[in-house]
1. Tell me, what HN-Hα J-couplings in whole Hz come from the Karplus equation 6.51 cos²θ - 1.76 cosθ + 1.60 at θ = phi - 60° for each residue of segment 91-96, using x for Gly and Pro?
2. If I model a spin label as a point 7 Å beyond the Cα along the Cα-Cβ vector, how far apart are those points for ASP105 and ALA29 in nm?
3. Filter the trypsin sites (Lys or Arg not before Pro) in segment 35-77 to those in DSSP coil with at most 10 other Cβ atoms within 10 Å of their Cβ, and list the result.
4. Using the Karplus curve 6.51 cos²θ - 1.76 cosθ + 1.60 with θ = phi - 60°, work out ³J(HN,Hα) for each residue of segment 112-117 in order, rounded to whole Hz, and write x for Gly and Pro.
5. Under 16 Å from a point 7 Å along the Cα-to-Cβ line of ASN95: which residues of segment 119-147 have their amide N that close?
6. Mind sorting LEU138, LEU146, LEU83 by how few other Cβ atoms lie within 10 Å of their own Cβ, fewest first?
7. Mind listing the long-range amide H neighbours of ARG112? Cut-off is under 5 Å, sequence gap 5 or more, other chains count too, H placed in the peptide plane at 1.01 Å from N.
8. Could you list the chymotrypsin sites (Phe, Trp or Tyr not before Pro) in segment 66-159 that lie in coil according to DSSP, counting only those with at most 11 other Cβ atoms within 10 Å of their Cβ?
Amino acid sequence: MLDTLVTTAAGALSATAGVLVGGIVTRRAQDRQWTRDQQLAAYQAMFSHYAKFTMELRRAHADQRRYDYDWGEWSAALMRVSLVAPSQVAAEMDNFGRAISSFLDQVERGERNPLRDPLSSEEFEQARQAPAQAQVKLVNAIRRSLGSGHKGLPFGMGG
């Protein structure tokens, strides 16, 4: 009778431990998936805004007209990234932000603006080179942070 009781108790403890360990493992996997989903959403929003304001500025210079862009949305997108990005991505995001700021100094904030002195298509592309290079580094840092064998890209897309 004691053997049966010990065997039953051991089986119950093993089953309980298995359920607890399984719950912990499942919870961690769900947390990782949630974090990854949040990161991807933040990155997508940030790159979407980057592409939008770059295209808007390009068109404004080409058409020698004013442009309208909600810089608050860009700032909000950056804040969302800062909440979820791992440190190596955040460091590349900072470099990207500095390149964007320099780009905006050349095409939007300085003497060369779409109304007074628009840039030619070639000049605009030249001004966009630093952000384009920083974008490739940022995208590659994001790809590495997502794991699963994501290889870096030698070129940029969009923007």
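We did not get these values from a lab; they are worked out from the coordinates using the rules stated. As the structure is a computational prediction, the values presented were derived from the model and not from experiment. Here Cβ is always computed from backbone atoms with ideal geometry, including for glycine, and neighbour counts include all displayed protein chains.
1. Karplus values, whole Hz, x for Gly and Pro: 5, 5, 5, 5, 4, 4.
2. Here the answer is 5.0 nm between the modelled labels.
3. Loop-located and lightly packed - ARG66.
4. Per-residue couplings from phi come out as 7, 10, x, 8, 7, 8 Hz.
5. 129-145
6. Working: LEU138 27, LEU146 15, LEU83 9.
Fewest-to-most ranking of LEU138, LEU146, LEU83: LEU83, LEU146, LEU138.
7. Amide H neighbours of ARG112: none.
8. Here the chymotrypsin sites (Phe, Trp or Tyr not before Pro) that fit, given the DSSP loop and packing criteria, are PHE155.
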